[in-house]
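Shown next, in structure tokens, is the structure this report addresses.
The values are calculated or read from the model by the stated rules, or taken from the named source; none is laboratory data. Note that the structure is predicted; figures quoted are calculated from it, not measured. No Cβ is skipped: glycine too gets one built from the backbone with ideal geometry, and neighbour counts run over all protein chains shown.
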Amino acid sequence: MPRLPSNLKDVIELADWLELSALEAGDKNASAGDLLSALQIGRNDEADEELSLEVMREIEHREKAAGEGYPFVLQNARVVQAKPQWEDRLAYIFCLCLSYFGWKPVPGALVNPWHLFEDLSCIAAAQYLQGKVFKFGTRQRSDFTGFRDAISEFCRQMGEGQGFRQQPTLQRKDDKVDLVAWKDFNDKMPSKLLMFGQCAAGENWDKKVAELQPEIFWEQWIADPKTSPLIRSFYIPHRIPHDNWQYYARKTGILFDRCRIAHWAWQANHAVLADWRYLEWCKTVIPAVL
């Protein structure tokens, strides 16, 4: 079984643990009883039973939110059972592993899961809008020249802005834009749905929820004034407690958590399965499962 979370009252982490336990089990399931046993709280304490019920309610929310992209089925509100083809739901499994086990940059690592999460977020955003997506991302933020070229190419593809706004070279800090997705009309003209996005895969994601400022980004780096309204979006591999959803949603704009990403990435699951890096990185944290 995976290690228990440090906070044994954290419903989100306990639900993650239960899902990972189901994947590791020989029969591919884990129950509320398994959770109680692992926590060594089989005392029929009312508070402990309520905690278990909250965890199962969280699993129920996940099943609904992720839809076909969810690799589990909740049976009798007590048992988390892996679907027969659970390995195909790599978007959810990847996000689950990244959230639960975390990651620290390793020089020379074969796969950087933070970069890979940006790619997955691009897939989800494109499917959500049924449109196009341009990735700025970490690798494109490495130098000013690359960033300038990325801005010009983005404007060309999107059909608005005319390109990079010429200005003296400056020490550009991270402008928080990892991707931009848009929904074109047939005429390809300005005045369209335009969604700027920031990805936050680390455990400090909650410190980043109000960083992205699309209006300021546009005014600073793009030549022509905007025509289309700019929408914010935010992407995390984590789950947010149900009671806290509106708080974070107000700060982030359109919020893509693990389940929303898994749901929309499932619509283009061929792109996820075709990228060997998702499975390869998951094997580094759950080798006994994959």
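Return yes or no: is Asp34 over 24 Å from the mean Cα position of the chain (by Cα), surrounded by 17 or more Cβ atoms within 10 Å (Cβ to Cβ) and outside the structural domain of Ile240 (by TED's automatic domain parsing)?
When the stated conditions are applied, Asp34 passes them.
Counting just the residues of region 174-186 that are modelled with pLDDT of 95 or more and not aliphatic (A, V, I, L, M), which one comes out nearest to Asp257 (Cα to Cα)?
Trp182
So which residues in region 227-251 are among the polar types (S, T, N, Q) and either outside the structural domain of Phe117 (by TED's automatic domain parsing) or under 15 Å from the mean Cα position of the chain (by Cα) (or both)?
Ser233
List pairs: first in region 53-69 and over 15 Å from Leu96 (Cα atoms), second charged (D, E, K, R), Cβ under 8 Å, 6+ apart or cross-chain?
Met56/Arg78
Working only within region 102-121, note down all residues that are under 19 Å from Ala268 (Cβ atoms) and among the aromatic types (Phe, Trp, Tyr).
Scanning region 102-121 gives a single hit, Phe117.
Search region 194-218 for residues that are of a type in the set (Asp, Glu) and pair each with any residue that is outside any helix (DSSP H, G or I) and buried (at least 23 other Cβ atoms within 10 Å of the Cβ) when their beta-carbon atoms are under 8 Å apart and the residues are at least 6 apart or on different chains.
Glu211/Gln198
For region 263-272, give me each residue that is closer than 14 Å to Phe117 by Cα and surrounded by fewer than 19 Cβ atoms within 10 Å (Cβ to Cβ).
Across region 263-272, the qualifying residue is only Ala271.
Tell me which residues, restricted to region 1-31, are buried (at least 17 other Cβ atoms within 10 Å of the Cβ), in contact with a helix residue (DSSP H, G or I) (Cβ under 6 Å, 6 or more places away or on another chain) and farther than 15 Å from Ala82 by Cβ.
Val11, Leu14, listed by residue number.
Do we have any residue at all in region 46-69 that's in contact with a helix residue (DSSP H, G or I) (Cβ under 8 Å, 6 or more places away or on another chain) and over 23 Å from His242 (Cα atoms)?
Scanning region 46-69, I find no residue that is in contact with a helix residue (DSSP H, G or I) (Cβ under 8 Å, 6 or more places away or on another chain) and over 23 Å from His242 (Cα atoms), so the answer is no.
Kindly establish whether Arg260 is crowded, with 16+ Cβ neighbours inside 10 Å, of a type in the set (Lys, Arg) and closer than 28 Å to Ser191 by Cα. Steps first, answer last, please.
Details: crowded, with 16+ Cβ neighbours inside 10 Å: yes; of a type in the set (Lys, Arg): yes; closer than 28 Å to Ser191 by Cα: yes.
For Arg260, the condition - crowded, with 16+ Cβ neighbours inside 10 Å, of a type in the set (Lys, Arg) and closer than 28 Å to Ser191 by Cα - is met.
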